[in-house]
Amino acid sequence: MSVEIATVVVPRVEPKPIATEPVPQNPHMAPNGRSNMHCDAFMTDTYGWAGPLGGTLEVSYKELGGEGASITYDPEGRLVTVAIGPKGRRLLLLEPRTLDILAEMDLPAGAGGSTGFGAGGYIYLSDANQAVLPTANQQIWVVDVPTKASGDDSSFRVARIYDLAGSIGDADASILSTLPDWSGRLWWVTDTGTVGYVDRSSGACWTTVLDAPQRIGNSFAVDQTGGVFIASDYALYRFDVPTTGINPQVSWCYSYDRGLGQKPGQQSGGTGTTPTLVGTGTGQSFCGITDNAYPQMHVVVYRREKEVPGNRVVAQVPVFPKGHSDTENSLIGCDGSFFVENNYGYSNGLSTRPVVPGMARVRYDNLPCPGTVAWENPHVTVPSVVSKLSLATGLVYTYSLKIEDGRHDWFLTAVDAATGSVAWSAKVGSGPLFDNHYSALSISPAGVVYVPTALGMVMVRPA
């Protein structure tokens, strides 16, 4: 049932568009902004279209029986996501205005019925309007999304299955994510540190395993030069394939300060970020992650080309209070900057332990000088959402929390990307059901904001 929560009136602001180099379009993925949790193959978490500017906003909530961490958009503007919850794992097609379920498909539960973020937390939509996703039984499914033009818009159809169990060789491993490179190879990673790719035509698979005890906790990024950028809980890697049929090859590897171990707010030790890529020119191609240094986390920026003169690390900028800084979400990347949020202290929507507030913008475009903190907002509390930037409005959209008298109030909050000040904040609900638990906020091409929550989804649209 869809429940109308409120009509919320907040200040309306004028847009401050950000001019930046366009992200190259991966030819094997849906158009940028529609294809995956982090918007594009560079994992920038930026949209070219506008989100809400404020004013009168309509807020509604839909129970879906699970949390759809990754939201993608088919050519008809409908939402394609995997809901993970008490009902198991289900691939869903949702109507964009009502969030009614138009089609659904049960996915394999896997050994032990795991409900972790792997095997469905990350999915992508292909250029052929197919949902491509890892499953809990160590397979990658390619699923045709139904369309009105096909005459059957109510049923998913499995087009192909790649069984990777034999290549992984560890029954307890979970496939976290899968993405195509520019040549069409289907890359994938497991939480136990296996990196591989599949030839989509033949189904042949090549793998390599990171040296123990490294593990992988997030997705990865790919660029137009063939680079595949993967962060373990010890190091950042660039992989390439020199010749078809060769195992994934490490082009370079840089360890980072992983600190003393897992901090409150993290799902694992080491970096909590999927690598974020910015720029395409020679000497202007960068990759950003956070480390997990103690007492203070850094935003670390690397040159990402195969070979570079001088130091590959170009910036290492500390952010947030000493002893109280970490993140479990990807950086937003654009215009010589990375935006980062503080998740220190988060555990779940029932916890009363305070989450340390903080959001910051780090600039690294004044090379060879070290990077700097352009601004830091110490008042916005962002427990765990994957925030997004609209280049059309110049606003960072995030999902913030206020705990007062034991009540957890959740807000869609817009932050001015230029100054770090809060433009407006709209309350969307209260209580643990509105906790988004590491899922990604998403902005549709129609300018509607969707926030996955524990058992459903919040929708915020201009009235």
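Each reported figure results from applying straightforward, stated rules to the coordinates on display, with no laboratory input. This one's a predicted model, so the numbers in the text were calculated from it and none came from an experiment. Because the Cβ atoms are built from the backbone with ideal geometry, glycine has one as well, and the counts that use them run over all protein chains shown.
Observations
- Using 0.36 nm per residue and subtracting the Cα-Cα separation, the extra length available between residue 25 and residue 350 on full extension is 113.0 nm.
- Rounded to the nearest Hz, the phi-derived 3J(HN,Hα) couplings of region 386-401 under the Karplus curve 6.51 cos²θ - 1.76 cosθ + 1.60 (θ = phi - 60°) are 7, 6, 9, 10, 9, 5, 6, 9, x, 10, 8, 9, 9, 10, 10, 10, where x marks glycine and proline.
- Qualifying lysines (Cα of each under 23 Å from Cα of residue 388; at least 8 residues distant if same chain): 16, 62, 402, 427
- Label-to-label distance for residue 405 and residue 148 is 4.8 nm, based on points extended 7 Å past Cα in the beta-carbon direction.
- Cα lying deepest toward the dipole's positive end in the chain, options 42, 345, 159, charges on Cβ: 345
- Here the extension length gained between residue 307 and residue 208 equals 33.5 nm, from 0.36 nm per residue of separation less the Cα-Cα distance.
- Annotation note: GluC sites (Glu not before Pro) in region 1-78 located in DSSP loop regions with a Cβ neighbour count of at most 16 within 10 Å are 76.
- Whether region 16-146 is rounded, prolate or oblate, judged on the alpha carbon gyration tensor where a/c under 1.5 counts as rounded: oblate
- Global form of region 1-58, assessed from the alpha-carbon gyration tensor, a/c cut-off 1.5: oblate
- Within region 2-462: Cβ-based charge dipole about Cα centre, in debye rounded to nearest 20 (Lys, Arg +1; Asp, Glu -1): 380 debye
- When each of the peptides 314-325, 284-295 is scored by how many other beta carbons lie within 10 Å of its residues on average, the order from highest to lowest is 284-295, 314-325.
- Backbone phi angles across region 412-429, fed through the Karplus curve with coefficients 6.51, -1.76 and 1.60 (θ = phi - 60°), yield HN-Hα couplings of 7, 10, 10, 10, 5, 5, 7, 10, x, 7, 6, 6, 6, 9, 10, 5, 10, x Hz in residue order; Gly and Pro are listed as x.
- For region 116-141, the residues whose amide N sits under 16 Å from a probe point set 7 Å from the Cα of residue 262 along the beta carbon direction are 116-118.
- Helix content alone sets the calculated 222 nm mean residue ellipticity of the chain: runs of n ≥ 4 DSSP H residues at -39500 (n - 2.57) each, divided across all residues, give 0 deg cm²/dmol.
- Inter-label distance, nm, simple model (7 Å from Cα along the C-beta direction), residue 372/residue 63: 5.3 nm
- Calculated from backbone phi, Karplus (6.51, -1.76, 1.60) coupling profile of region 210-218 in Hz, x at Gly/Pro: 5, 4, 5, x, 5, 10, 10, x, 9
- With contacts taken as Cα pairs under 8 Å at a separation of at least 6 residues, region 2-462 carries a relative contact order of 16 percent.
- Three-way shape call for the chain based on the alpha-carbon gyration tensor, with the a/c threshold at 1.5: rounded
- Sorted on the mean count of surrounding Cβ atoms within 10 Å across their residues, most packed first, peptides 41-53, 187-199, 429-441, 253-265 read 41-53, 187-199, 429-441, 253-265.
- Approximate spin-label separation residue 101-residue 418, in nm, with each point projected 7 Å along Cα-to-Cβ: 4.5 nm
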